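No value in this document is a laboratory result; all are computed from the given coordinates. Please read these numbers as outputs of a predicted model, since none were measured by experiment. All Cβ positions, glycine included, derive from the backbone under ideal geometry; neighbour counts span all protein chains shown.
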Ligand code: ADP
Ligand code: AMP
């Protein structure tokens, strides 16, 4: 069974690689960013609070995120393995995750994959990111364009650009990432399950490396 954590900056390709892993390994993807965006769209109280942080590129508070993950990880579909994409992002979240896993869930992480992409790639990657509202697939205007320019798989529903994917928010998100990145890797290194992957290669080449790690 695979219980995977993806670390890496926004735009590193965590969502893109998760889609390959889901296809081949039958695990579920849990993206805190996607969960928060769904709450914002639904206009729930949690969504309203989260939106204030997200639009400025700041982290949503640990208590909100930990509460959300506690519920999500208790759902039965997580029993066959999961990928955590965008969580944990702080040491407090990482220790809370360990407590959830060793407590009622009685499982453990199998792989922590740090997808490493230098800052100079990130603005280009994120400003070109588009998402299909039809399938959820992630595209890029240059690196992975859709069959019909600007359109989802049905050829008529426009692809969506995330609100927080504009340049000034991206730079803030990157600096927030760097505040925690070394500490998180330091947290996971002693366990011997941390794998560093070069995320600058093509999506297929990156996935080849990840498959070698997951086996
Ligand atoms: P994350 O989930 O880490 O924020 P995404 O998977 O959404 O990142 O990828 C960000 C953008 O970069 C998307 O537009 C995606 O199509 C593109 N992308 C992902 N992996 C690569 C890659 N290896 N090379 C070039 N572009 C990529
Ligand atoms: P992402 O989709 O992972 O790029 O996340 C988008 C935004 O959601 C982030 O900029 C944060 O505001 C918020 N967010 C997502 N995951 C977390 C997390 N684990 N902790 C705090 N904030 C988060």
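Using only alpha-carbon positions in the chain, the gyration tensor eigenvalues give semi-axes of 25, 21, 18 Å once each is multiplied by 5 and square-rooted (largest first). For region 66-177, the Kirkwood hydrodynamic radius comes to 16.7 Å, computed from all pairs of different C-alpha atoms. Summary of the geometry: region 56-82 and region 151-192, compared by the centres of their Cα atoms, lie 17 Å apart.
Put a dot 7 Å past the Cα of residue 162, heading toward its Cβ, do the same for residue 102, and the two dots end up 3.1 nm apart. Computed over the alpha carbons of region 48-104, Rg followed by Dmax gives 12.2, 35 Å. Dividing the summed -39500 (n - 2.57) terms of all DSSP H runs of n ≥ 4 by the residue count of the chain sets its mean residue ellipticity at 222 nm at -15000 deg cm²/dmol.
Mind checking the full-extension length gain between residue 183 and residue 1? Use 0.36 nm per residue of separation minus the Cα-Cα distance, one decimal, nm.
On the way: separation 182, 0.36 × 182 = 65.52 nm, distance 2.68 nm.
So the chain would gain 62.8 nm between residue 183 and residue 1.
Label-to-label distance, residue 75 versus residue 91, with points set 7 angstrom from Cα along the beta-carbon direction: 3.2 nm. Counting neighbouring beta carbons within 10 Å and listing from fewest to most, the residues 100, 54 come out as 100, 54.
Under the rule a/c < 1.5 gives rounded, and otherwise a/b versus b/c splits prolate from oblate, where does region 136-215 land using the Cα gyration tensor? Judged from the Cα gyration tensor, region 136-215 comes out oblate (a/c at least 1.5, b/c at or above a/b). Where both bridge residues fall in the chain, DSSP classifies roughly 25% of the beta bridges as antiparallel. For region 1-67, the share of alpha carbon pairs falling in successive 10 Å distance bins from zero is 18, 44, 31, 6 percent.
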